[in-house]
Amino acid sequence: MMSYWPSLAGGMLIGLSAMLLLFINGRIAGISGIVGRLLGGQQIGTNAAFVAGLLCGPWLYAAMTGHLPPVTIAASAPVLVLAGLLVGIGTRMGSGCTSGHGILGLARFSKRSLVATSIFLATGIAVATIMGALR
């Protein structure tokens, strides 16, 4: 059971931060929207603070545990760049990303978010299955 506590705590912190951003600023905590507004020069202080908090997460983890979280990336740099571009295109086409649709959209009972999150999950399962079969 101890292995589930970090995930549970992380999920609770994500939910808390999303809820606070919605209640305090009236904004959805969709990362693609936050980064888009930051790059577009809108609400720089709030958006920069949110992104800085995301980037500081591993270092906070290290301060609490004495080591950085283990990360293994098995893809090459070109594959990662292509994947990032595809995710960016997908978030524009879907009017948001998994964090906006999956966390707050579903909590608000948004039908569009339910469809988007279902497609995200189905696509992820299909790609993981295909990639697993190719190995």
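Straightening the chain between Phe109 and Arg92 buys 4.0 nm, computed as 0.36 nm per residue apart minus the Cα-Cα spacing.
Springs join every pair of Cα atoms under 10 Å in this Gaussian network model of the chain, and among Ser113, Ser95, Ser76 the largest mean-square fluctuation is at Ser76. Per atom type, the chain shows carbon and sulfur on 75% of its accessible surface, probed at 1.4 Å. Accessible surface for the chain, divided over its residues, is 74 Å² per residue with a 1.4 Å probe.
Only helical DSSP H runs with n ≥ 4 go in: add -39500 (n - 2.57) per run for the chain, normalise by residue count and round the 222 nm mean residue ellipticity to 500 deg cm²/dmol.
The per-residue figure over the chain is -23500 deg cm²/dmol.
Multiplying the residue separation of Thr123 and Leu85 by 0.36 nm and removing their Cα-Cα distance gives an extension gain of 12.1 nm.
Looking at the square roots a ≥ b ≥ c of the eigenvalues of the Cα gyration tensor of segment 32-73, which shape do they give, rounded for a/c under 1.5, prolate if a/b is larger than b/c, or oblate? Oblate, because a/c is 1.5 or more while a/b does not exceed b/c. Site pair Leu39 and Leu68 shows an inter-label distance of 2.4 nm when each label is modelled 7 Å from Cα along Cα→Cβ. Once you order the gyration tensor axes a ≥ b ≥ c over the Cα atoms, which shape class does segment 71-135 get: rounded for a/c under 1.5, otherwise prolate or oblate by comparing a/b with b/c? Cα axes put segment 71-135 in the prolate bin.
Computed over the Cα atoms of the chain, the ratio of the radius of gyration to the Kirkwood radius (Rg/Rh) comes to 0.98.
The values are calculated or read from the model by the stated rules, or taken from the named source; none is laboratory data. Note that this is a predicted model, so its numbers are computed, not measured. With ideal geometry, Cβ positions are generated from the backbone for all residues, glycine too; neighbour counts draw on all protein chains shown. In case anyone asks, the SASA skips ligands and DNA or RNA and just uses the protein heavy atoms, side chains included. Shrake-Rupley method; radii C 1.70, N 1.55, O 1.52, S 1.80 Å.
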